[in-house]
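The values are calculated or read from the model by the stated rules, or taken from the named source; none is laboratory data. All values derive from a computational prediction rather than experimental measurement. Heads up, the Cβs are rebuilt from the backbone with ideal geometry, glycines too, and the neighbour counts pull from every protein chain shown. Surface areas here come from the heavy atoms of the whole protein model, side chains and all, with no ligands, DNA or RNA. Shrake-Rupley method; radii C 1.70, N 1.55, O 1.52, S 1.80 Å.
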Amino acid sequence: MAENGAFRSMVTRRRLLAVVGATGAALTKPAWAQRMVDLPLPGGPGAREITTTFPQKGPMILQRTRPPLLETPFEVFDKGVFTPNDQFYVRWHWALIPTEIDIDKFSLSVRGHVNKTLSLSLNDILHGLPSVQLSAVNQCSGNSRGFFQPRVSGGEWANGAMGNALWTGVRLKDVLDKAGVKPGAVQVRFKGLDEPVVADAPHFMKSLDIDHARDGEVMIAYAMNGEQLPLVNGFPLRLVVPGWYATYWVKMLNDIEVLDQPDTNYWTKVAYTIPDTQHASIKPGETGVKMIPINRMVPRSFVTNVASGSKVNAGAPSFLRGIAFGGDCGVASVDFSIDRGQSWHQAQLGKDEGKYGFRQWQTHITLPTPGEYSVLIRCTNSNGVAQPDTPSWNPAGFMRNVIESTDIMAV
Ligand SMILES: Nc1nc2c(c(=O)[nH]1)N[C@H]1C(S)=C(S)[C@@H](COP(=O)(O)O)O[C@H]1N2
Ligand SMILES: [Mo]
């Protein structure tokens with residue numbers, strides 16, 4: 001898709017009448033922090049409500065209505081490496097999200113430590129700069145949080161707070177160059193159109209170091225899988241930070257501020273920090289650990305065509321397939337074990353759609369005799385980093401990437 005004229009004509013005036021999160025809960029607690037409610041996971045990750053009431057969205061697992069937290073049903077990942085827009089997961093921090101955007105009035109400001117402040121229209125972005133395209137996994141830092149033991153509070157996601165899309169947009173670098181970054185710039189801060197529910201709460205903002213922002217890969221995307229972004233996934237523009245957790249992928253992006261001091265805002269400095277330890281792991285209750293902002297993703301892999309609890313014939317080959325991703329680089333290999341990790345065998349990798357995206361894998365396994373098996377799948381990325389065999393733990397429930405196990409009964 002070298003020619004992006006199709007997307008350009010698809011970005012049309014948006015008059016969304018559906019209300020995002022129409023059945024909002026009453027806001028009773030005064031402190032903004034208390035609005036970050038803990039989400040119980042009654043019945044476990046498998047027993048959650050499916051909703052079809054969100055604009056431009058198909059069936060999604062409803063985690064929360066206002067602000068929306070919608071999880072991708074896991075079977076969607078078996079359909080291919082690109083996650084369809086209408087079942088791509090959704091996560092917002094604050095409930096005041098525009099329900100329509102007038103694309104003629106929309107503008108993206110570029111300001112702060114720059115030679116020239118810019119106010120770019122969508123037309124300027126779509127027609128004034130070279131377009132780039134890349135497939136990349138967007139994964140919430142807290143994806144799979146619901147599996148943490150001991151349990152931690154936060155959005156109790158199973159494994160569906162991730163998705164892979166083909167993103168089209170412009171390089172952040174080109175936009176920054178247009179404004180002219182002044183010497184002494186240290187970070188770039190990004191903000192969207194969503195707003196806190198109470199005045200004293202911090203607007204959602206994230207920052208990247210200046211060199212990262214100018215690496216030529218970080219993108220301002222206006223299309224996802226060949227279509228304009230769904231409203232709840234950040235229409236009309238969102239940041240795409242390949243290889244980094246989705247917290248940095250600011251949606252409905254309308255403000256870019258170049259900073260000459262490190263960002264001290266809550267969302268960069270306090271929230272979304274991880275222990276500066278191996279696998280970001282600490283012992284429950286451990287204190288006094290140095291915390292750093294969450295950053296690069298780590299490898300993961302999943303079986304998508306067979307669910308835990310399935311039965312197969314003993315002594316006969318069974319077909320297994322799934323997805324893997326390397327995190328901040330490509331997938332080098334996906335291996336499986338049917339003997340609790342004593343021996344590993346390589347699965348076959350599918351087409352490489354780009355190092356930051358999902359990669360499909362497939363294999364046949366033969367479970368020799370009747371009985372219960374735990375089939376383990378392990379991704380090793382092209383930096384030589386493999387998934388760990390023991391789960392890590394941190395109080396925010398971030399960065400889970402332990403080797404997954406699928407329980408299969410051979411009969
Ligand atoms: N403007 C804005 N952008 C945001 C957020 C937000 O609350 N507001 N949440 C971030 C987080 S934590 C995640 S996980 C991703 C989710 O992206 P998605 O909803 O498109 O899947 O958006 C990121 N960008
Ligand atoms: Mo997130």
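Looking across segment 136-167 at every residue that is more than 15 Å from ligand 1 (Cβ to nearest atom) and polar (S, T, N, Q), the one that is farthest from Asn225 (Cα to Cα) is identified as Gln149.
With the requirement that a residue be of a type outside the set (A, V, I, L, M, F, W, C), open to solvent by 40 Å² or more (accessible area, probe 1.4 Å) and touching a residue at least 12 places away in the same chain (Cβ under 8 Å), what does segment 282-313 give you?
Within segment 282-313, Lys283, Pro284, Lys290, Pro293, Asn295, Arg296, Asn305, Ser308, Gly309, Lys311, Asn313 qualify.
Checked against the criterion of being closer than 18 Å to Asn115 by Cβ and small (Gly, Ala, Ser), the candidates Gly160, Gly184 yield just one match: Gly184. Against the numbered list (1) open to solvent by less than 40 Å² (accessible area, probe 1.4 Å); (2) under 17 Å from Leu231 (Cα atoms); (3) within 16 Å of ligand 1 (Cβ to nearest atom), Leu96 comes up short only at (1).
Under the condition of being within 16 Å of ligand 2 (Cβ to nearest atom) and either in contact with a helix residue (DSSP H, G or I) (Cβ under 8 Å, 6 or more places away or on another chain) or without any contact (Cβ under 8 Å) to a residue 24 or more places away in the chain (or both), the residues counted in segment 96-153 number 6. The set of residues from segment 278-294 being part of a strand (DSSP E or B) and within 16 Å of ligand 1 (Cβ to nearest atom) comprises just one member, Pro293.
Only residues that are open to solvent by less than 20 Å² (accessible area, probe 1.4 Å) and not in a loop (DSSP other than H, G, I, E, B) were counted across segment 99-133, and they come to 8.
Out of Ala199, Ala179, one residue alone is out of contact with any Phe, Trp or Tyr (no Cβ under 8 Å at 6 or more places or on another chain) and touching a residue at least 24 places away in the same chain (Cβ under 8 Å). It is Ala179.
Once segment 227-246 is narrowed to residues that are open to solvent by 10 Å² or more (accessible area, probe 1.4 Å) and in contact with a helix residue (DSSP H, G or I) (Cβ under 9 Å, 6 or more places away or on another chain), the residue that is nearest to ligand 2 (Cβ to nearest atom) is Trp244.
Looking across segment 364-411, the residues that are open to solvent by 10 Å² or more (accessible area, probe 1.4 Å), touching a Ser or Thr at 6+ places or on another chain (Cβ under 6 Å) and in a strand (DSSP E or B) come down to Ser374, Leu376, Thr380, Ala386, Ser405, Thr406, Asp407. Is at least one residue of segment 262-269 basic (Lys, Arg), more than 13 Å from ligand 1 (Cβ to nearest atom) and closer than 30 Å to Thr65 by Cβ? Yes, because at least one residue in segment 262-269 is basic (Lys, Arg), more than 13 Å from ligand 1 (Cβ to nearest atom) and closer than 30 Å to Thr65 by Cβ.
If the condition is being open to solvent by less than 20 Å² (accessible area, probe 1.4 Å) and outside any loop (DSSP other than H, G, I, E, B), then segment 337-360 contributes only Ser337.
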